[in-house]
Amino acid sequence: MFALAPHVSSVRTPGGMVLLNARTGRYWQMNNTGAFVLEHLLAGGTCASAADELRHRHPSAADRVAADAVALLESLRSAKLVTS
């Protein structure tokens with residue numbers, strides 16, 4: 001199960017989501033697809049289940065959604081924005 005790190009706050013925006021790392025003052029902006037993946041993970045889902053849903057929503061991107069979901073999660077972990 002994933003969670004936002006205690007020092008991270010999030011706000012949903014019309015175009016996606018913004019995360020604020022209160023320790024560094026850095027903002028991270030995600031589009032709607034990135035926000036969906038993060039919200040899915042925070043709700044207890046997996047990268048694989050997020051990718052399955054995205055394949056249904058965006059069939060033309062079916063060949064890359066799994067790798068993109070994993071890459072997003074790894075970026076969030078590297079930036080210490082999420083914990084597992």
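Among the candidates 70, 82, single out the residue that is of a type in the set (Val, Ile, Thr) and closer than 19 Å to residue 26 by Cβ.
82
Within the stretch 53-84, count every residue that is surrounded by 12 or more Cβ atoms within 10 Å (Cβ to Cβ), of a type outside the set (D, E, K, R), within 23 Å of residue 7 (Cβ to Cβ) and touching a residue at least 12 places away in the same chain (Cβ under 8 Å).
Looking only at that region, the number is 7.
Can you name the residue in the stretch 19-31 that is polar (S, T, N, Q) and either touching a helix residue (DSSP H, G or I) at 6+ places or on another chain (Cβ under 7 Å) or surrounded by fewer than 13 Cβ atoms within 10 Å (Cβ to Cβ) (or both) and is also nearest to residue 75 (Cα to Cα) among such residues?
Among them, the one singled out is 29.
Can you tell me which residues in the stretch 30-84 are of a type in the set (Lys, Arg), assigned to a loop (DSSP other than H, G, I, E, B) and over 19 Å from residue 8 (Cβ atoms)?
The answer is 64, and nothing else.
Just to check your reading of the model, which residue among 35, 3, 43 is under 13 Å from the mean Cα position of the chain (by Cα), modelled with pLDDT of 95 or more and farther than 16 Å from residue 81 by Cβ?
After ruling out the rest, the residue left standing is 43.
Identify, by number, the condition in (1) touching a residue at least 24 places away in the same chain (Cβ under 8 Å); (2) in contact with a strand residue (DSSP E or B) (Cβ under 6 Å, 6 or more places away or on another chain) that residue 16 doesn't meet.
Of everything listed in (1) touching a residue at least 24 places away in the same chain (Cβ under 8 Å); (2) in contact with a strand residue (DSSP E or B) (Cβ under 6 Å, 6 or more places away or on another chain), residue 16 misses just condition (1).
In the stretch 31-52, how many residues are in contact (Cβ under 8 Å) with a residue 24 or more places away in the chain and of a type in the set (A, V, I, L, M, F, W, C)?
Qualifying residue count, the stretch 31-52: 5.
The values are calculated or read from the model by the stated rules, or taken from the named source; none is laboratory data. Remember, it's a predicted structure, so these values are computed and weren't measured experimentally. Positions of Cβ are backbone-derived with ideal geometry, glycine not excepted, and every protein chain shown enters the neighbour counts.
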